[in-house]
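Everything below concerns the one structure shown next.
Every number here is computed from the coordinates shown, using simple stated rules; none is lab data. Predicted model, so just to flag it, every value in this text is computed and none were measured. Cβ: placed from backbone, ideal geometry, glycine included. Neighbour counts: every protein chain shown.
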Amino acid sequence: MKHLPIINHTYQKLHNEFTRFITTKGYSRGKDVMYPTCIREFLFFIENKGVETIQNVDANTIQSYYYYISSRPNQRRAGGLSDSMLKTHLYSLRLFFDYLLDTDVLEYSPARLPKFTLKKSEQREILSNDQIRKLYTVCESYRDKALLSAAYGCGLRRSEMVNLDLEDVIFHKGIVIVRDSKNHKNRTIPMSDFVARHLKEYIVNERTKGLINNRKINNSFFVSNTGNRWRGNNMNDRLHYLV
């Protein structure tokens, strides 16, 4: 959705200014791209609905947009947008309209008027140790096993796996350092020999192989075929595939 075309020059300008604003606020990696992307989709939506100025956006417009994003297909996987992604879209709108208020583009924020009820999230299934070990038998690569080890063996959140760097895995001490975790404090996680073996096998046998056009690789623990930090959505898709 980050490449949706916006024809209205005023909307283009607002999007560019909002993107710069988000960048200066120093949001965490990923959020600085996600919020402007959500707003691009919103501006694309209202432009195609014939809303010619941002001042003409009202609560009904926001409501229509919410119905649109809650029913449109997910671009990365089967089904629709998750509750988490819907909340991100709504939060992006609030940030955007608060920005327009602060810069005197608007006198009030229509994004704060509607109330939305998200569908109840399905309860997550907790896997037993035997079930987790069986997952390793369906792995197709060293990276699959390392991903399972980080997620289930170390209990890392998706964002923590994305931000994990090579130096954060200290094999001779048998620990993983999680930086900038949910409570904004570093924490130390012990890893078993089983987990350490799979993490090390990924580094030795696969991490730097298969890169497209022999591209340079960064310091991320999990990397994509382009040598960049592996995206959280791709990690999530892979875990769902294995499970």
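Data table
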| read-out | value |
| --- | --- |
| CD proxy at 222 nm, helix term only [per DSSP H run n ≥ 4: -39500 (n - 2.57); per residue of the chain; nearest 500] | -14500 deg cm²/dmol |
| Between the stretch 154-169 and the stretch 85-108, the alpha-carbon center distance in angstrom | 32 Å |
| Coordinate range along principal axes, alpha carbons of the stretch 147-201, Å, largest first | 28, 20, 16 |
| Sites residue 63 and residue 200 - FRET efficiency at Förster radius 41 Å, r taken between beta-carbons, to 0.05 | 0.20 |
| Cβ-placed point charges (K, R +1; D, E -1), dipole of the stretch 9-112 about Cα centre in debye, nearest 20 | 580 debye |
| Projected-area average for the stretch 129-242 over all orientations - Cα convex hull basis, square nanometres | 7.0 nm² |
| Degrees, to the nearest 10: 232-242 long Cα axis against longest axis of the chain | 50 degrees |
| Degrees between helix 193-205 axis and first principal axis of the chain (Cα, 0 to 90, nearest 10) | 80 degrees |
| Computed lengthening from residue 185 to residue 137, 0.36 nm per intervening residue step minus Cα-Cα distance | 13.8 nm |
| More than 15 angstrom apart: percent of Cα pairs within the stretch 47-101 | 56 percent |
| Exposure proxy ranking, count of Cβ atoms within 10 Å, fewest first, for 41, 52, 47, 107 | 107, 52, 47, 41 |
| Lysine pair count for the stretch 129-242 [Cα-Cα under 29 Å; pairs on different chains or 8 or more apart] | 19 |
| Distance histogram in 5 Å bins (all Cα pairs of the stretch 1-103, percent per bin) | 2, 12, 24, 27, 20, 12, 3, 0 |
| Largest to smallest principal axis extent of the C-alpha atoms in the chain, angstrom | 61, 38, 36 |
| Principal-axis tilt of helix 9-25 within the chain, Cα atoms, nearest 10 degrees | 40 degrees |
